[in-house]
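Just so it is clear, none of the values below were taken in a lab; they were calculated from the coordinates. This structure is a prediction, so every number in the text was calculated from the model and none was measured. Cβ placement follows ideal geometry from the backbone for every residue including glycine, while neighbour counts extend to all protein chains displayed.
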Amino acid sequence: MNIWSWFQKSPARQEDFENIVDELNESIEKTILYFSSTRWVLLGKVIDRVL
């Protein structure tokens, strides 16, 4: 299951998540970032080594 889609597809779940974050610790980000399988940082390192 993709955690990002679970929360993004339901405003009620997003609100529940934000409420839980508020109760636990206010310094935690309230948004869940999407993980992309494309890793541009690693690609840049490979290109630097090739050049």
Under the 7 Å Cα-to-Cβ spin-label approximation, residue 12 and residue 25 lie apart by a distance in nanometres of 2.9 nm
The ³J(HN,Hα) series, computed from each phi in region 9-25 with the Karplus coefficients 6.51, -1.76 and 1.60 at θ = phi - 60°, rounded to the nearest Hz and given as x for glycine or proline, is 8, 9, x, 5, 5, 4, 5, 4, 4, 4, 5, 5, 4, 4, 6, 7, 6
